[in-house]
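Below is one structure; the comments refer to it alone.
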Amino acid sequence: MKIGIIHMYPSNYLLESYVDLGYEVFLFSPCDPGLDSVKWQYDPFESEEFRLEKLVSFGRFLKIDIFPAVYEGAVEIVAAVSEKLKLPSFSIESARASRNKYLAYKSFDALNVPTPKTVVVKLKQSKWSDVTMELGCPVIIKLADSMNSQGVIKVDSEETFQKALYELTKLIEQPETLDYSIDRNRVAYGKSSVNIIAQEYLSGIEFSVDLVFKNFDFLSLGVFEKLPPFGSTFVESASISPPDLSENNQKKVVELATKALSSIGADVGSAHVEIMKTEKGFFLIEVGLRPGGGFTAKCIELLHGVNPFQALVEVLSNISDDLALLDRFQKDQGFVMFGGVHYRVSGRIKNIIGLDILSNSPMVQDYIILNKIGDDVLAAPNSSQPHLTYYLIKAKSRKEALDLHFKIQKTVQVEIDSEREIVSC
């Protein structure tokens with residue numbers, strides 16, 4: 001089988017998930033992974049002109065069987081290419097509804113899926129008083145089609161509202177051809193007529209669930225609990241599975257996720273769905289039509305024995321149905337957790353200490369260090385990559401996992417020269 005991967009920054013784990021099954025892997029990316037087993041083609045993100053036509057031409061010439069959606073920034077183009085080549089995928093309409101949070105909100109609201117109330121913010125037109133009258137205070141201001149929590153800001157006053165709009169406008173005005181090292185997600189946002197939205201602020205504990213599905217038949221691969229994010233820009237700290245949630249409530253999380261997917265018409269593929277538990281119940285936050293990012297997929301494989309990337313292709317190619325996947329599904333094997341050390345400010349890295357804890361801790365199964373001394377880095381909300389490092393923990397107990405996570409957070413320290421101005425546009 002021939003697999004086409006469209007991804008801005010693919011991991012070796014993703015690529016080798018398919019190589020290990022004997023598939024031919026053709027990669028469309030700015031990054032040549034240097035793997036002999038992967039046939040790197042070209043950078044489809046370099047220019048939007050003729051992007052679809054060129055990918056369709058390559059797909060037809062190479063006789064690619066499946067373009068699995070494995071990167072949030074390529075969900076729409078995967079749907080479009082698959083439609084042109086008559087390959088299995090969710091529809092373009094479903095892809096657009098998942099990518100644009102305002103379209104998603106309208107779909108959820110139409111079918112009474114509980115979700116934060118959302119309104120469009122129009123620059124130089126929308127007033128803080130009107131937004132608060134509609135949504136209360138505080139509110140969340142965000143890019144309608146951002147990813148990785150980029151461009152998400154909690155505001156509680158006229159001053160913070162205007163500052164948030166200024167920051168998000170700067171992001172939107174950046175050229176799509178911006179250097180990937182500055183903003184690797186630029187190709188993914190600012191694409192629709194609705195660029196900025198305001199959402200009702202919810203307080204609670206956030207969960208995520210990964211699923212594969214076909215013909216509206218769903219199989220949950222794992223439910224994660226998110227630790228409280230950092231500050232008003234919601235930079236992710238860590239996620240742990242199994243969550244501290246009753247079996248009945250886990251079922252409610254999965255049921256809400258499946259209802260959300262049905263509401264946008266997604267009938268085949270995989271999804272990463274984020275849900276918040278509040279005092280009023282569970283609320284749908286957003287849906288991504290691809291496996292969870294970071295170490296999510298690897299966590300699920302460690303915990304349950306099923307690789308989400310492989311499961312996605314199995315579902316798309318009719319290699320197996322959900323029942324066959326379920327036969328391989330293991331019960332929880334301890335606890336898995338992935339976290340990250342994030343940047344508090346933008347600037348140039350002057351010093352890093354404490355990284356040895358990652359290589360010296362037996363419970364750390366994997367880690368990646370994304371920057372080094374001398375690198376210029378951006379903090380949230382402007383950054384598409386606000387972390388110095390990601391790490392994956394496998395532990396026998398929830399307490400062991402959490403204790404190591406907090407120890408890593410305390411041990412790894414980054415000194416940044418914040419006086420240095422970092423140009424993000």
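Each value in this text was obtained by applying a stated rule to the coordinates, not by laboratory testing. Keep in mind that what you see is a predicted model, and the values were worked out from it rather than measured. No Cβ is skipped: glycine too gets one built from the backbone with ideal geometry, and neighbour counts run over all protein chains shown.
Values for this structure:
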quantity	calculated
³J(HN,Hα), Karplus 6.51/-1.76/1.60, whole Hz, each residue of region 39-51, x for Gly, Pro	8, 6, 9, 6, 8, x, 8, 5, 8, 7, 5, 6, 4
Gain on full stretching of the segment that runs from residue 417 to residue 333 - 0.36 nm per residue minus C-alpha separation	26.0 nm
Computed Kirkwood radius, in angstrom, where 1/r is averaged over Cα pairs of region 1-63	12.0
Cα-based shape type of the chain, given that a ≥ b ≥ c are square roots of the gyration tensor eigenvalues and the cut on a/c is 1.5	rounded
Simple label model, 7 Å out from Cα along Cβ direction - residue 247 to residue 21, nm	3.0
For the chain: relative contact order, % (alpha-carbon pairs under 8 angstrom, 6 or more apart)	15
Choice from 74, 110, 260 showing the highest fluctuation, given a GNM over the chain with Cα pairs closer than 10 Å	110
Residue 360-residue 112 FRET efficiency (beta carbon distance; Förster radius 60 Å; 0.05 resolution)	0.75
Candidates 32, 356, 43: whichever shows maximal mean-square fluctuation once the chain is modelled as a Gaussian network with Cα springs under 10 Å	356
Translational diffusion of region 1-153, µm² s⁻¹ [Kirkwood Rh, Cα pairs; Stokes-Einstein; 10 °C; 1.306 mPa s]	90
Label-point separation in nm, residue 123 to residue 193, each point 7 Å along Cα→Cβ	1.8
Separation of the residue 203 and residue 400 label points, Cα + 7 Å toward Cβ, nm	3.6
Highest-MSF residue in the chain out of 171, 103, 52 [GNM, Cα springs under 10 Å]	52
